[in-house]
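Asker: One structure, as structure tokens, below. Some questions next.
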Amino acid sequence: MREEPKKSNRLRIISVLVFFYLLFGVISFRTYQLQVLNAEQLKALAQRQYLKKTALRYPRGVIYDRNLEELAVSRKSYSIFAKTRQVRDPHATARRLSRILELDSSALERRLKSGEPFVWVDRPVGEEQGEAVMALKIPGIGAQPDESRYYPGGELGGQVLGFAGVDGQGLEGIEKMFDDNLRGKPIFLTVEKDAKDEIRMYVDEEDLSARPASLVLTLDQALQHLAEQKLEETVKKWNARRGCLIAMDPETGAILTLALYPGFNPNQYQAYHPQAWRNWAFADTYEPGSTFKVFVLSAALEEQKVSLTDTVNCENGAYVVSGDTIHDMKKYGELTVPQVLIYSSNIGMAKVAEKLGPALLYGHLAQFGFGAKTAIGFPGERSGWLRAYKKWPAITLRTIGFGQGVTVTPIQMVTALSAVANRGELIEPYLAEKLVYPDGAERSLHRRTLVAKVLSKKTANQMAELMTEVVNSGTGAKAQIPGYQVAGKTGTAQKPRPKELGGGYEPAKWVCSFMGFVPADRPRLAMIVIIDEPQADFATGGMIAAPVFQEVAKYALTTLGELPEAASGQDLKTALTGTVVGETPTLAKEIRVIPELAPGRIPDLRGMALAEALGLVSRLGQQAAIFGSGWVKEQEPAPGDLLSGKVILRLSQEKE
């Protein structure tokens with residue numbers, strides 16, 4: 001009887017041991033299966049849970065002016081979104097968000113009730129606004145960290161810079177033109193995430209080759225600011241439609257300023273009609289009028305079809321060709337060839353064009369670049385219209401002589417003008433100087449490119465002398481700059497009437513322009529000023545556009561280090577603040593005398609208009625960084641402090 005319990009216990013023990021051996025075997029096999037047979041498959045499955053691919057988008061590269069002042073930067077922002085099904089009270093949520101985001105509460109509530117499971121509430125918003133939204137901790141409302149584009153100058157150079165959209169892609173202007181460089185290459189990194197789906201660490205190393213580059217332009221921020229201010233003043237004074245100013249270094253083709261008014265603020269580009277984004281210096285064409293006479297007369301002198309001693313019968317103000325009558329603003333009889341340009345006789349230039357003939361005139365104008373885009377590559381650039389000469393009616397040859405029957409862009413005109421200034425060499429214009437990469441490497445984007453030798457040096461010199469007389473004693477007197485010889489030409493062109501409205505020309509719509517270069521004998525600056533549709537009983541380019549040239553060119557020459565040639569018995573101060581006989585008050589006479597200060601110290605610039613302050617800063621041998629527009633409200637260094645580095649000017653629209 002006693003052995004039976006022992007056998008029973010032994011049997012139980014053996015059964016338990018067998019069970020555990022079998023269990024261990026199953027576990028061992030399963031472990032082998034998981035760790036050896038299915039290891040790679042399970043490893044990949046695990047990695048899919050905590051290792052994920054994420055796109056890394058770097059902030060766009062900075063855009064600088066020629067002096068490395070920031071024109072476009074990227075800054076931290078947020079994109080506010082809503083998971084609408086998690087929003088418990090759309091009405092209350094809309095009211096709370098609207099106070100922070102400055103949005104219409106009713107419109108926001110409708111968006112939250114739209115039925116869409118996910119909606120963007122607002123993007124991009126500033127860092128402070130984004131953090132304020134997150135601090136509310138409203139169910140269903142989130143803020144995604146992002147980068148947005150910011151333009152410190154506001155409207156400064158808006159149509160040149162363009163803008164980038166909320167996804168970081170360049171959509172207009174320089175931002176679009178150099179989008180691939182400024183945006184860099186998108187890269188995808190493997191990241192490790194925790195249970196909350198938050199990134200714990202980057203597994204891959206950063207690829208520096210994909211980082212975006214920064215871009216250095218040829219523009220001068222201070223000159224751009226002054227040009228835009230003077231255009232605004234002139235457009236408003238004459239109740240004009242718009243204005244344009246382009247200044248270029250004729251030797252290199254570098255564009256120093258490209259100003260348009262009205263402008264737009266790329267920080268709020270959505271608030272403007274797309275038409276406001278257009279850079280019409282490239283994208284719009286116009287009939288140039290009398291400024292075009294420079295290129296027609298250049299061609300005639302080059303081909304020796306006329307000489308400076310020839311005379312032209314200007315028909316006492318009316319010249320009939322094939323039933324059409326060409327008029328002059330004044331009745332002229334016999335004029336010398338120089339007088340034809342100085343007095344801007346349409347009839348005289350029509351007869352100069354006759355001497356050239358269609359084939360030669362067309363060939364020279366095409367060489368100057370008319371009828372073709374420049375090589376600058378700006379988005380939306382147009383080629384203008386220069387019809388094949390075999391299709392010209394008899395009157396067209398004559399009207400092209402004084403700038404009608406042909407259309408051009410402002411950039412074409414200043415580029416062709418630079419060829420005359422540059423002793424006959426047509427140089428490619430350019431806006432971008434170089435790219436700067438994160439590792440410090442630089443890549444030049446431009447080398448001086450000769451497009452064509454359009455004039456001999458002799459002809460170019462003759463034209464410079466003639467254009468100097470236009471300013472000294474002709475229609476361009478208001479462009480005179482004390483201490484400098486200015487070569488220029490005025491233009492006053494009627495605007496064509498659309499064919500659907502009957503064709504011909506509008507009786508009261510004009511394009512007033514002035515183009516010139518300075519100093520005339522060794523040009524450092526070529527510039528064109530266009531004021532479109534000024535409202536005046538008698539509007540001319542010499543009256544309306546030439547004064548803008550004078551004020552902007554004077555400052556530009558000073559910043560370029562081109563000091564005036566003081567006349568005998570004058571000192572530098574007199575030359576800088578001299579007057580022109582018969583001229584209305586200009587910037588030169590408004591500049592204050594620099595207060596007596598210890599050497600190397602800065603005067604009080606507060607309360608001055610921008611042009612006045614820039615003139616003083618320039619004459620002190622300093623560069624200026626400008627924020628805002630209007631009158632100087634604050635300055636660094638403070639009045640009386642030692643000069644060091646750049647002078648910072650903060651401006652306000654309210655004059656103190």
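Computed from the coordinates by the stated procedures, all read-outs in this text should not be read as laboratory data. Nothing here was measured: the structure is a model prediction, and the numbers come from that model. We place every Cβ from the backbone using ideal geometry, glycine too, and count neighbours over all the protein chains shown.
Asker: Among the listed pairs Lys390/Lys499; Lys373/Lys434; Lys236/Lys453, which have their C-alpha atoms separated by more than 31 angstrom in this model? Don't skip to the answer; put the middle values down first.
Answerer: Details: Lys390/Lys499 22 Å; Lys373/Lys434 22 Å; Lys236/Lys453 40 Å.
From the list (Lys390/Lys499; Lys373/Lys434; Lys236/Lys453), the Cα-Cα distance tops 31 Å for Lys236/Lys453.
Asker: Turning to a different aspect of this structure: Under a plain spin-label model, where a point goes 7 Å from the Cα along Cα-to-Cβ, how far apart in nm are Ala135 and Thr336?
Answerer: With each label point 7 Å from Cα toward Cβ, the separation is 7.8 nm.
Asker: For region 75-150, state the average projected area of the convex hull of the C-alpha atoms over all orientations, rounded to one decimal in nm². Could you put the intermediate results ahead of the total?
Answerer: On the way: hull surface 17.8 nm².
Hull-based average projected area comes out at 4.4 nm².
Asker: List every residue whose amide H lies under 5 Å from the amide H of Arg497, counting only residues 5 or more places away in sequence or on a different chain, with H placed 1.01 Å from N in the peptide plane.
Answerer: Gly504, Tyr505, Glu506
Asker: For each of Leu17, Leu431, count neighbouring Cβ atoms within 10 Å of the residue's Cβ, then give the residues from fewest to most. Display every interim value, and only then the final one.
Answerer: Working: Leu17 10, Leu431 23.
Final ranking by Cβ density, sparse to dense: Leu17, Leu431.
Asker: Under the rule of at least 5 residues apart or a separate chain, name every residue whose amide H is placed under 5 Å from the amide H of Val451.
Answerer: Long-range HN contacts for Val451: Leu426, Ile427, Glu428.
Asker: Would you please give the residues with an amide H less than 5 Å from that of Ala164, counting only those at least 5 places away or on a separate chain, with H modeled from the backbone geometry?
Answerer: Leu171
Asker: Please turn the phi angles of region 361-371 into ³J(HN,Hα) values with the Karplus equation 6.51 cos²θ - 1.76 cosθ + 1.60 (θ = phi - 60°), one per residue in order, whole Hz, x for glycine and proline.
Answerer: Computed from phi, the couplings for region 361-371 are 4, 4, x, 5, 5, 5, 4, 5, x, 6, x Hz.
Asker: Could I ask something else about it? Determine which residues of region 113-132 fall in the zone a paramagnetic label at Gln270 would reach in this model, i.e. backbone nitrogen under 14 Å from the point 7 Å along Cα→Cβ.
Answerer: 119-126
Asker: Per residue of region 398-406, what does 6.51 cos²θ - 1.76 cosθ + 1.60 with θ = phi - 60° give for ³J(HN,Hα)? Whole Hz please, x for Gly and Pro, Karplus curve as stated.
Answerer: Once θ is set to phi - 60°, the couplings for region 398-406 become 6, 5, 4, x, 10, x, 10, x, 9 Hz.
Asker: Next question. So, by mean Cβ neighbours within 10 angstrom, what's the order for 83-90, 234-241, 177-184, 21-28 with the highest one leading?
Answerer: The most tightly packed comes first, giving 177-184, 234-241, 83-90, 21-28.
Asker: If you filter region 338-387 for trypsin sites (Lys or Arg not before Pro), then keep DSSP loop positions with at most 15 other Cβ within 10 Å, what is left?
Answerer: In loop regions of region 338-387 (DSSP not H, G, I, E or B), the sparsely surrounded trypsin sites (Lys or Arg not before Pro) are Arg387.
Asker: Across bins of 5 angstrom width beginning at 0, how are the C-alpha pair distances of region 406-529 distributed, in whole percent?
Answerer: Over region 406-529, the share of Cα pairs per 5 Å bin runs 2, 10, 15, 17, 15, 12, 10, 9, 5, 3, 1, 0, 0 percent.
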